[in-house]
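A.B. asks: So that we are looking at the same thing, I have put the structure below in structure tokens.
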Amino acid sequence: MIEQDTVKLLKESDAGVKMGVASIDDVLNYVRSEELKNRLSECKSEHEKLRCEIEELLAKYHDDGKEPNPMAKGMSWMKTNVKLSFDESDKTVADLITDGCNMGVKSLNKYLNQYEAADEVSKDITKRLINLEEKLAIDIRCHL
């Protein structure tokens, strides 16, 4: 049960981290503020470091990880592009990223509770990802 929950939690964290990186990539070209651009770039870099850790652990379990849900990814992309086509402001970017962070925190906490038998290393990675998302949402509030 521990190994099964560990792999499942790592796969959900893998999908979450990939979704976070894709979301940041979708908005970076619209950002005008150097401060916001730097914050998003730093967070993307932290997500990529976590993704490497996750992939390393998944490899030990002979698992390739998980891509974000295509429907969720498509809806996110569409929402981003529609909102930014009407208003290409840092406020819109901050709003979109905050919504994404909140959804990520919610789903990752759900998986953390669902796969409670996962090992502590995997739980720690998921918690660090949750903290990254929470911190980003707080850090960009001044741009809302």
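A.B. asks: Provide the solvent-accessible area of residue 141, counting protein heavy atoms only and rolling a 1.4 Å probe, rounded to the nearest 10 Å².
C.D. replies: Approximately 140 Å² for this residue.
A.B. asks: While we're here: State the percentage of accessible surface on the chain attributable to carbon and sulfur atoms; use a 1.4 Å probe and exclude ligands, DNA and RNA. Spell out each step's value before the answer.
C.D. replies: Details: 4250 of 8160 Å².
The C+S portion of the solvent-accessible surface of the chain is 52 percent.
A.B. asks: Straight-line reach from residue 106: which lysines fall under 22 Å, measuring Cα to Cα and dropping same-chain residues less than 8 apart?
C.D. replies: Correct list for residue 106: 8, 11, 18, 44, 49, 66, 73, 79, 123, 127, 135.
A.B. asks: Before rounding to the nearest 500, sum -39500 (n - 2.57) across all DSSP H runs of length at least 4 in the chain and divide by the residue total; then give [θ] at 222 nm in deg cm²/dmol.
C.D. replies: Working: 5 runs with 116 residues, N = 144.
Result for the chain, helices only: -28500 deg cm²/dmol.
A.B. asks: Also: So the label point goes 7 Å from the Cα of residue 117 along Cα→C-beta, right? Which residues of segment 1-41 then have their backbone N under 13 Å from it?
C.D. replies: 1-9, by backbone N distance to the label point.
A.B. asks: In square angstrom, rounded to the nearest 10, how much accessible surface does residue 46 have for a 1.4 Å probe?
C.D. replies: Residue 46 exposes around 70 Å² with every protein chain in place.
A.B. asks: Follow-up question, since we're still on this one. Cα axis of helix 90-114 to longest principal axis of the chain: angle in degrees, 0 to 90, nearest 10?
C.D. replies: Result, in degrees: 10.
A.B. asks: Right, something else. Expressed as an acute angle from 0 to 90° and rounded to the nearest 10, what is the orientation of the C-alpha long axis of helix 2-28 relative to the principal long axis of the chain?
C.D. replies: Orientation of helix 2-28: about 10 degrees from the principal axis.
A.B. asks: Tell me the angle of helix 120-139 to the major Cα principal axis of the chain, expressed in degrees between 0 and 90 and rounded to the nearest ten.
C.D. replies: 10
A.B. asks: Per 0.36 nm of contour for each residue apart, how much would the distance between residue 128 and residue 106 grow if the chain were fully extended, relative to their Cα-Cα spacing? Before the final figure, lay out each step's value.
C.D. replies: Numbers: separation 22, 0.36 × 22 = 7.92 nm, distance 1.38 nm.
Length gained, residue 128 through residue 106: 6.5 nm.
A.B. asks: Describe numerically, in nm with one decimal, the distance between label points set 7 Å from Cα along Cα→Cβ at residue 99 and at residue 71.
C.D. replies: With each label point 7 Å from Cα toward Cβ, the separation is 1.8 nm.
A.B. asks: Taking Cα extents along the principal axes in Å straight from the coordinates, which label in (1) 48, 27, 23; (2) 78, 35, 25; (3) 47, 39, 31 is the correct one?
C.D. replies: Among (1) 48, 27, 23; (2) 78, 35, 25; (3) 47, 39, 31, the one calculated here is (1).
A.B. asks: Remind me, relative contact order of the chain in percent, using alpha carbon pairs under 8 angstrom and six or more residues apart?
C.D. replies: Working: 158 pairs, mean separation 61.9, N = 144.
With pairs under 8 Å counted, the relative contact order is 43 percent.
A.B. asks: For the full complex of protein chains and a 1.4 angstrom probe, list 83, 106 by accessible area with the highest value first. Intermediate results must be reported in sequence, preceding the final value.
C.D. replies: Working: 83 70, 106 155 Å².
Result of the area sort, largest leading: 106, 83.
A.B. asks: Explain nothing, just compute: Karplus ³J(HN,Hα) = 6.51 cos²θ - 1.76 cosθ + 1.60, θ = phi - 60°, for every residue of segment 73-89 in order, whole Hz, x for Gly and Pro.
C.D. replies: Once rounded to whole Hz, the list reads 5, x, 5, 4, 4, 5, 4, 4, 5, 5, 4, 6, 6, 8, 8, 8, 9.
The values are calculated or read from the model by the stated rules, or taken from the named source; none is laboratory data. Just so it is clear, the model here is predicted, and its values are computed rather than measured. Here the Cβ is made from the backbone with ideal geometry for all residues, glycine too, and neighbour counts use every protein chain on show. Heads up: the accessible areas ignore ligands, DNA and RNA and are worked out on the full protein's heavy atoms, side chains in. Shrake-Rupley method; radii C 1.70, N 1.55, O 1.52, S 1.80 Å.
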